[in-house]
Amino acid sequence: DSVAQRFKDKGLRIISGSEAIPGLPIVVRSDVSPGLVDAIKKALLSLDYNNPEHRKMMEQWDEEFRYGFVEAKDSDYDSIRKMISYLSGKGIQIP
C-alpha cells in the first residue's frame, strides 16, 4: 500500500488491494551460533523509536526498519499462504 501511495500522484490507479503482508524478515544462516542470534535479536527488539538516542540512529535506516522490529510468528504469513492458494487455484504457478 505504501508503495502504491507513492506513485498515485504520478498516474497510478489502484484497482485492488490485499491484506497487509509482513515486511522484510531478518534471517540468519544455520551455522551462526545461537548465542549470537539471541544477542542480535535482543538488541533489535529493544530499539525504541521514541528514545532520542535510538531515533537518531534509526532515522538513517531504510523505512522498512526505521520504526523498530517485532518478532514474527508463523501465522503472520497466513495471508501470503492464502494468496498463493488462491492464485494456484486460478492456474497461476508460484515458484
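Any read-out appearing in this document is the output of simple, stated calculations on the displayed coordinates, not a laboratory observation. Given the structure is predicted, the values throughout are model-derived calculations rather than measurements. A quick note on method: Cβ atoms are made from the backbone with ideal geometry, for glycine too, and the neighbour counts reach across all protein chains shown.
Once Lys and Arg get +1 and Asp and Glu get -1 on their Cβ, which of I40, Q60, N50 lies farthest toward the positive end of the dipole of the chain?
Projecting each Cα onto the dipole axis, the largest value belongs to Q60.
At 0.36 nm per residue, and after removing the present C-alpha to C-alpha distance, how many nm does the segment from M58 to D38 gain when stretched out fully?
5.2 nm
Counting other Cβ atoms within 10 Å, which trypsin sites (Lys or Arg not before Pro) in the range 1-43 have at most 12 and lie in a DSSP loop?
Answer in residue order: K10, R13, R29.
Each residue of the range 76-89 in order: what ³J(HN,Hα) in whole Hz does its phi give by Karplus 6.51 cos²θ - 1.76 cosθ + 1.60, θ = phi - 60°, with x for Gly and Pro?
For the range 76-89, the Karplus-derived couplings read 4, 9, 4, 5, 6, 4, 4, 5, 4, 4, 4, 5, 4, x Hz, x marking Gly and Pro.
Tell me, what HN-Hα J-couplings in whole Hz come from the Karplus equation 6.51 cos²θ - 1.76 cosθ + 1.60 at θ = phi - 60° for each residue of the range 33-47, using x for Gly and Pro?
Those phi angles translate into 5, x, x, 5, 4, 4, 5, 5, 4, 4, 5, 5, 5, 8, 5 Hz.
With +1 on each Lys and Arg Cβ and -1 on each Asp and Glu Cβ, and nothing else charged, work out how big the dipole of the range 2-89 is about its Cα centre, in Debye to the nearest 20.
Values: 13 positive and 14 negative charges, 70 e Å.
Charge dipole of the range 2-89: 340 debye, to the nearest 20.
Per residue, how big is the convex hull around the C-alpha atoms of the chain? Give it to me in cubic angstrom, could you?
On the way: hull volume 15.6 nm³, N = 95.
Value for the chain: 164 Å³ per residue.
Of the GluC sites (Glu not before Pro) in the range 1-86, which ones lie in a loop per DSSP and count no more than 15 other C-beta atoms within 10 Å?
E19, E59, E63, E64, E71
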